[in-house]
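The values are calculated or read from the model by the stated rules, or taken from the named source; none is laboratory data. The structure displayed is predicted, hence computed values, not measured ones. So basically every Cβ, Gly included, is an ideal-geometry build from the backbone, and we count neighbours across all protein chains shown. In case anyone asks, the SASA skips ligands and DNA or RNA and just uses the protein heavy atoms, side chains included. Shrake-Rupley method; radii C 1.70, N 1.55, O 1.52, S 1.80 Å.
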Amino acid sequence: MTEKQPAPLTVTSSPHIRSPETTSKIMWTVFVCLIPSGLVSVYVFGFGVLGIILTAVFAAVATEWACCRIQRKTPTIMDGSAVLTGLLLAYNVPPGSPLWMVFLGSFIAIAVGKAVFGGLGCNVFNPALVGRVFLMASFPVLMTRWQAPFKVDAVTAPTPLAIFKDGFSGTNVLAGTDLVQYSYRDLFLGLRGGCIGEACVLALLLGAGYLMIRKYITWHIPLSFIGTVGVFTWIFGGKGLFGGDFLLQIFSGGLILGAFYMATDYVTGPMTRQGQILFGIGCGIITGIVRLWGGYPEGVSYSILLMNAVTPLIDRFMVPRRFGEER
Amino acid sequence: MKGIISAILTLSGLGFSFGVLLAWASKKFHVKTDPRVEKITGLLPGINCGACGEAGCASLAELIAADKADVHVCVACSPENRIAIASVLGLSTEGVGRRLSQAAVIGCGGGNRCKNKFAYRGLADCRVAVSAMGGYKECRFACLEQGTCIQVCPVGAISMQPEGVPKVISEKCIGCKKCIAVCPRRLIMMVDRDKDVYINCHSHDKGALIMKKCGVGCIACGKCVKACPSQAITLIDNLAVIDYGKCTNCKQCVAVCPTKTIAIR
Amino acid sequence: MVSTFAGGKHIESHKQLSRDAAIEPIPLPVEVVIPLSQHTGTICEPLVKKGDRVLTGTKIGQSSNVLSSCVHASISGTVRGIELCPHPVLGQCLAVIIDSDGRDEHDAAIQPRKAAERLSKEELLAIIKEAGIVGMGGAAFPSQVKLNPPKPVDTLIINGVECEPYLTCDFRLMLEKANEILQGIGLLKKTVNVSKVFIGIEEDKPEALRMMRNKIMEKHYPFTVSPLTAKYPQGAEKQLIKAVINREVPPGKLPFDAGVIVSNVGTACAVYEAVFLGKPLYERVVTVTGATVKKPANLNVRIGTRFGDLIRYCQGTTGAAGKIIMGGPMMGLAQFSEDVPVIKGTSGILVLSEAEARQEGEHPCIRCGRCVDVCPMGMIPSALSLCVESGRLDLSSRYNPRDCIECGACTYICPAKRRIVESIRLVKAVMK
């Protein structure tokens, strides 16, 4: 045995190489993919939107920092998850929202939606949606005061879905406003009332396309979600069966934002492919039911939250096939 | 007014009928339990350590009540509570209250004085650390310092010393032997509570090697063997071993050990 | 048609570092350290003592136990001693140290065997046992045990996949010793008495595919070459069987339960040499590679040569080595010293720089499901990692930890850099 000692070598168990993907890289990439939609929103609804976005992000990061300090964890701000939650919350409030409300929503999203469960990876519900639903329940008036496109002086205008609901359920409160004022092109490009981030379908799809190319999200949840909403509203959303305007349903409201960016949240969604398809279908059915027969014109956030609650059950039963076991 | 009355009547009616239903159900589905089981469960330590081999204190209580297990099966139970259990069962309390004899000691004083063979960067668990090339310590008998024994101790009786090795606090140790089961180096032994000395080393390496590796291990010099007035210490394969049956706890061996390997707990 | 299995992941191969370097012999080492345990199974009893003179190929250790494999001197010289020495797998092991006399005199028993084609199954097994042949892919399972399965099998699959990144020794072997390998496969076929023989090779090695096909055509061997998707872990036994003949080995069972024996190309070559040339297993091809190694190479090395000697033969490294790995980066074992010797299962020596060896800390699991996607065994690796993290080992058994082949794909892919395989190893160790 020779006695020379070289510089101590590192000994770890295999594997000795790791893929370049990291949690923070994924989070920041999703963040960047959401930016185009925000830019369109600033263009359509004015610079007030930028203030809302910055407030939400700042509040989320500050809350995350404070929670980590209180729970004596190493701060997890740089992993981008809090920033992303803040941004998604901002995208889920109307353009004219007061900043204090946005701040409160972000605080609830991180503190109640995430930190109390144990931080990143442990939360059951999508934090941004927890924040949004909290705001919806607490400030229903502020949360449904929609701003008409290109009207900086905050002229309120109902969203396409509200108009549809009004006609579908026969309440006729909004008589006089007509769905015809929105063409599919307007809906697709985002020239309509709605939450900050949900407006421009084109911008959202651009980002989602990039995420798919990078394989950060797969088609399973978005396609099954949107497909189910489309089929459901086509069957039940018209006068009689099979006459619904499913393109209106797909392009309006928060469906695209929700299906591509919030239902696909890793932490709160199922892990297996079969589970994800089931999750998407469940989301789609609940969204359809809420939109057609529920109390609110929009149901995406509730559907995702409800399915989040079912996720552990889905993960329990939709397990991958064990290698070598009979089918 | 009429509305109020009908509401009161409806709710009272509902309440009454549910009450009847529940009363019937509790009679119908009543499971007979031994009232002593509950008392015994309350007297057992309630830490569910598993040392008795049962799933928890409640299942041991059932066995004790059914006379299928002895009171002494629970090593963690205090003498007073053991007497109390015996009286619950109507048994003689004679001898039941004797103090149970053993507490764990960890026999390695290496820690950060023992040299490292390489930089271990794995999971903080001794059972994993030992599988990496047989452990990262120069000494193949040394404590691996990851503190798995600390994690499994149900009463928090083991703590990490500044020297990098864990130590058992005898007063807290309940003798459940969980730490013994997880230690991959088999360094932990049970020693009678009335004996304070133990050999703080498990190495069978030769003295010269020990001095090179840590300097605090047993070098098998034999001084303790000579010093012991009751011939309780022998050298087995380069390691001093105390026969606790003969040991009188005089502590003369501690004074003569040149490497301070014989420790007092 | 290119076939594969479910799960897995294509991993940057880094094989270009050494794939064009022809196998070269290295000068005789001045001393060799031959561990008495180089295989799965019982350690050998030494047959020599200090001061004995041994010749190349002299048997120096054997065991009476069935699951064992004898060891041979790899150089001629004098036994300096039998001591505990560093070992690349066990950490420490009793080993015979031989000082070379520089003459490399071969043992008289090493003679080309005449009429090798007419040997019976039993005679072949005896030769394989005496030659100390083990699986050369890395696990080093004694070949005479593997080739004598307790139930009849119908298929032999030859593993030329080499799915581990960096390693190229099997690839070079297939290019340079195709004839020997094919004759060896013929012997293996006879030994296990099967009708079907497949040779699995990943399609990112077109030269090897072409070489094997051409030689088979030339000599009319009854073997089939199966091109496979280049994906990790294609070379794992169960995944290889699935890809080549679409059979699945049931959980907890061995390949012969599915009627298959899998053998490595290196083993086939060693069997050829043992049977036709009478040469025991005292040398093997080792890939020495890594971005920091100045001249990566495929070397024909005597068993017992120290790792450091090989790295120095490859002109050393640029900068300090952070990690020395025996085998590939996915399943290889990190070494604590350059003094460990090459053993029968050493397919490669991979040197990583300090920067490459640095590992990030663990982050919380974000349940992204990547590990579930890549797991070739259909497990939920993240769940086991969480069981360990939360100290709930009691929950782990429902996630089938024993199925894990420890390929490391889940840990490689994990964006939170969790040490999943390590956790599963802990679970397995505790369950034992």
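With θ taken as phi - 60° and the coefficients 6.51, -1.76 and 1.60, list the Karplus ³J(HN,Hα) couplings across region C:51-63 in order, rounded to whole Hz; mark glycine and proline as x.
x, 5, 9, 10, 10, 4, x, 6, 6, 10, x, 7, 9
Where does region C:129-277 land on Rg(C-alpha)/(2.2 N^0.38 Å)?
So the Cα radius of gyration is 0.95 times the expected 2.2 N^0.38 Å.
Am I reading the B/A interface right? What is its buried accessible area, both sides, 1.4 Å probe, to the nearest 100 Å²?
In total, chains B and A hide about 500 Å² from solvent.
Once each part is reduced to its C-alpha centroid, what is the distance from region C:75-98 to region C:18-35 in angstrom?
18
Got a number for carbon plus sulfur as a percent of chain B's accessible area, 1.4 Å probe?
With neighbouring chains kept in place, the figure for chain B is 59 percent.
Dipole of chain A (Lys/Arg Cβ +1, Asp/Glu Cβ -1, origin at the Cα centre): which of A:Gly243, A:Ser106, A:Thr22 lies farthest to the positive side?
Of the options given, the answer is A:Thr22.
Using a 1.4 angstrom probe with every protein chain in place, what is the largest-first accessible-area order of B:His202, C:His363, B:His30, C:His87?
My answer, sorted largest first, is B:His30, C:His363, B:His202, C:His87.
Stick to Cα atoms and the Kirkwood definition of Rh, then tell me Rg/Rh for chain B.
1.23
Count the DSSP beta bridges whose two residues both fall in the protein assembly as shown, then state the antiparallel fraction as a percent rounded to the nearest 5.
Counting only bridges with both partners in the protein assembly as shown, antiparallel ones make up about 70 percent.
Under 20 Å Cα-Cα from B:Lys246, which lysines qualify once same-chain neighbours fewer than 8 residues away are excluded?
Result set, ordered by chain and number: B:Lys195, B:Lys223, B:Lys226.
Can you give the accessible area of C:Glu273, probe radius 1.4 Å, in Å² rounded to 10?
Probe radius 1.4 Å; accessible area of C:Glu273 about 30 Å².
Charges at C-beta only: +1 for Lys and Arg, -1 for Asp and Glu. How large is the resulting dipole of chain B about its Cα centre, in Debye rounded to 20? Mind showing how you got there, number by number?
Working: 34 positive and 19 negative charges, 155 e Å.
Value, rounded to 20: 740 debye.
With the contact rule set at Cα under 8 Å and sequence spacing of 6 or more, what percent relative contact order holds for region C:370-431?
Relative contact order here is 40 percent.
Select from B:Asp70, B:Asp205, B:Asp196 the residue whose mean-square fluctuation is largest in a Gaussian network model of chain B (Cα-Cα springs shorter than 10 Å).
Looking only at B:Asp70, B:Asp205, B:Asp196, the biggest GNM fluctuation is shown by B:Asp70.
State the Cα centre-to-centre distance between region A:217-268 and region B:90-154 in whole Å.
57
With θ taken as phi - 60° and the coefficients 6.51, -1.76 and 1.60, list the Karplus ³J(HN,Hα) couplings across region C:91-105 in order, rounded to whole Hz; mark glycine and proline as x.
Going residue by residue, I get x, 8, 7, 5, 9, 8, 9, 10, 8, 6, 9, x, 9, 6, 6 Hz, with x marking Gly and Pro.
Roughly how many debye, to the nearest 20, is the charge dipole of chain A about its Cα centre, given +1 on each Lys and Arg Cβ, -1 on each Asp and Glu Cβ, and no other charges?
520
Determine the residues within region B:131-145 where the difference in accessible area between the chain on its own and the full set of protein chains amounts to at least 50 Å²; count protein heavy atoms only and use a 1.4 Å probe.
Residues losing area: B:Met133.
Determine which aspartates and glutamates satisfy two conditions relative to C:Lys50: a Cα distance under 13 Å, and not lying fewer than 8 residues away in the same chain.
C:Glu83, C:Asp99
Given a 1.4 angstrom probe, I'd like the percentage of the accessible area of chain C that is carbon and sulfur, rounded to a whole number. Don't skip to the answer; put the middle values down first.
Working: 8410 of 15730 Å².
That share works out to 53 percent.
Return the loop-located trypsin sites (Lys or Arg not before Pro) in region B:58-98 (DSSP other than H, G, I, E, B) with at most 14 other Cβ atoms within 10 Å of their own Cβ; answer none if there are none.
B:Lys68, B:Arg98
Please go through region B:1-48 and write out the trypsin sites (Lys or Arg not before Pro) that DSSP classes as loop and that have at most 12 other C-beta atoms within 10 Å.
Here the sparse-neighbourhood loop sites are B:Lys32.
Explain nothing, just compute: Karplus ³J(HN,Hα) = 6.51 cos²θ - 1.76 cosθ + 1.60, θ = phi - 60°, for every residue of region A:268-284 in order, whole Hz, x for Gly and Pro.
9, x, x, 8, 8, 5, 4, x, 5, 5, 4, 4, x, 5, x, 4, x
Relative contact order for chain C: what percent, with Cα pairs under 8 Å and sequence separation of 6 or more?
Relative contact order here is 19 percent.
Alpha carbon centre of region C:276-311 versus region C:129-186: separation in Å?
Centre-to-centre distance over Cα atoms comes out at 17 Å.
May I ask what percent, to the nearest 5, of DSSP beta bridges between residues of region C:129-277 are antiparallel?
5
Take chain A, mark every one of the GluC sites (Glu not before Pro) that falls in a DSSP loop and has at most 15 other Cβ within 10 Å, then report the longest stretch left between them, sites excluded.
In chain A, the maximal stretch lacking such sites is A:4-324.
Ballpark to the nearest 100 Å², how much total accessible area do C and A bury together, probe 1.4 Å?
Interface between C and A: roughly 4600 Å².
Note the full-extension length gain between A:Val116 and A:Lys25 as 0.36 nm times their separation in residues minus their Cα-Cα distance, in nm to one decimal.
Numbers: separation 91, 0.36 × 91 = 32.76 nm, distance 2.46 nm.
Once the chain is fully extended between A:Val116 and A:Lys25, it gains 30.3 nm.
In deg cm²/dmol and to the nearest 500, what is the mean residue ellipticity at 222 nm of chain C if only DSSP H runs of at least 4 residues count, each as -39500 (n - 2.57), divided by the residue total?
Working: 13 runs with 114 residues, N = 432.
Estimated from H runs of four or more residues: -7500 deg cm²/dmol.
For chain A, go through all pairs of different Cα atoms, get the mean of 1/r, take its inverse, and jot down that Kirkwood value in Å.
It works out to 20.8 Å.
In the Gaussian network model of chain A, springs joining C-alpha atoms below 10 Å, which of A:Phe107, A:Phe47, A:Phe260 carries the largest mean-square fluctuation?
Greatest mean-square fluctuation among the candidates belongs to A:Phe47.
Using the heavy atoms of the protein chains alone and a 1.4 angstrom probe, what is the accessible area of the protein assembly as shown per residue in square angstrom?
Per-residue accessible area for the protein assembly as shown comes out at 43 Å².
Using +1 at the Cβ of each Lys and Arg and -1 at the Cβ of each Asp and Glu in chain C, identify which of C:Pro29, C:Ile75, C:Asn159 lies farthest towards the dipole's positive end.
Final value for the positive-end residue is C:Asn159.
Counting alpha carbon pairs within less than 8 Å and at least 6 residues apart, what relative contact order, in whole percent, applies to region A:161-314?
Working: 216 pairs, mean separation 36.5, N = 154.
Taking the mean separation of contacting Cα pairs over the length of region A:161-314, I get 24 percent.
State which entries of B:Lys167/C:Lys428; C:Lys189/C:Lys219; C:Lys121/C:Lys279; C:Lys146/C:Lys238 exceed 21 angstrom in Cα-Cα distance in the structure shown.
Exceeds cut-off: B:Lys167/C:Lys428.
Go through region C:249-267 and flag every residue whose accessible area shrinks by 20 Å² or more with all protein chains in place compared to the isolated chain (probe 1.4 Å).
C:Pro251
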